[in-house]
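Below: the structure, in structure tokens.
Each reported figure results from applying straightforward, stated rules to the coordinates on display, with no laboratory input. Note that the coordinates shown come from a computational prediction; the quantities given were computed from them, not determined experimentally. Positions of Cβ are backbone-derived with ideal geometry, glycine not excepted, and every protein chain shown enters the neighbour counts.
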Amino acid sequence: MNATQHTTLPLLPADEALMLQVLKKDKVAFQQLVKRWKNPLVNYFYRQLRDQEVSEDLTQEVFIRVWKADKYEAKAKFSTWLYRLAYHLLVDHYRKQKRQPPQEPEVLLETEPATAISPESQTLLKDQQAQIEGALRKLPAAQQNILILSKFQDLKYSQIAEILNCPANRVKVNVFRALKNLTHILKEEKVDDGSF
Amino acid sequence: MMDPFEAQDLPLDVKETWQALDDVSETRVSDHFEARLMARIENIESLEAQGRLTGGILSPSIWQWLDGLFDFLHVPALAIVIALLFWLPTSSPQTAYRLDFPSLENPRSMQNHGTYIFEPQKILKLLIYISRS
């Protein structure tokens, strides 16, 4: 998930340098970028769509656009540029689907190894997971997106602002609103369950 | 992972929700992801190369679009041809089929002045014959 950690290692070329090579149709550089970014991108889509196949297809579309790009300004951060592409593809996808309700999450796709956890803890963890994922799905698409960008994709507010094309202050406010909304949904669910 | 809540005065429940988001599950990218991606890219490149071979004026997608259009066009084209076959002989003054009714005084004077290129009945028979054969 934390793809930018790789880029900080001194021996590896930065994403921006690789992207400049990709502009010259360097397949090795492109494959390196794919290796670094496929996981964060697939998960960016998956956390919102809950569909593995569609998430991978959209990620491939992003990479195809990266490969076909004929312009890239190295002064912009590569991750910002990449997520901007991803965000536009997601919006297009929602438009095509007319925001149909996301499907139920697929079971057993978690990366966590199950061996070290007791069955009770596993059940508890799954319950918590189901609860937070269910609440997240109830948020409006824009709020889901902004929460996922800020929580999981390792982006600064200024980067998210560039991706969404809005002021950084508004991003901050919207993240807070989304979180408050999510808290409210979680509380309502707990009341419905009788556990609150 | 970035924590947006440096401020101490934020409600506790909101902070807890932020922490709870850690439980959202991740997915694993399938093993064939990169192979499929490279195959798609090669396919796109070969299509583009074909486009260049066709003169670089029209991309393959335009050829496909034109092909589809011509596939469909025979339906309206046939309708237009049939309409013309019936309209031309009757509308033009030179070729119009004019049925002159016999004058009441002299019924034998009836003459058929009409000259026409196609006889609609024969064309209809021909079309029926083609469609049945």
- Pairwise FRET efficiency - B:Leu66 versus B:Asp23, Cβ, R0 = 51 Å, nearest 0.05: 0.45
- Here the whole-number average of other chain Cβ atoms within 10 Å per Cβ of A:126-136 is 3
- Give me the lysines in straight-line cross-link reach of A:Lys71: C-alpha distance below 22 Å, same-chain residues under 8 apart excluded. A:Lys24, A:Lys25, A:Lys27, A:Lys35, A:Lys38
- Say each of B:Leu88 and A:Lys98 gets a label point 7 Å from the Cα, pointing the same way as Cα to Cβ; how far apart are those two points in nm? 4.6
- Message: So for each of A:171-182, A:31-42 I average, over its residues, the number of other beta carbons within 10 Å; can you give me the resulting order with the highest mean first?
- Response: A:31-42, A:171-182
- Note on the structure: Gyration tensor (Cα only) of region A:130-180 to equivalent ellipsoid, semi-axes in Å sorted down, yields 20, 11, 8
- For peptide A:147-155, compute the average count of partner chain beta-carbon atoms within 10 Å of each residue's beta-carbon. 4
- Query: Using 0.36 nm per residue, how much length does the chain from B:Leu73 to B:Arg132 gain when fully extended, once their Cα-Cα distance is taken away?
  - Reply: 19.1 nm
- Query: Across peptide A:176-187, what mean number of C-beta atoms from other chains lies inside 10 Å of a residue's C-beta?
  - Reply: 4
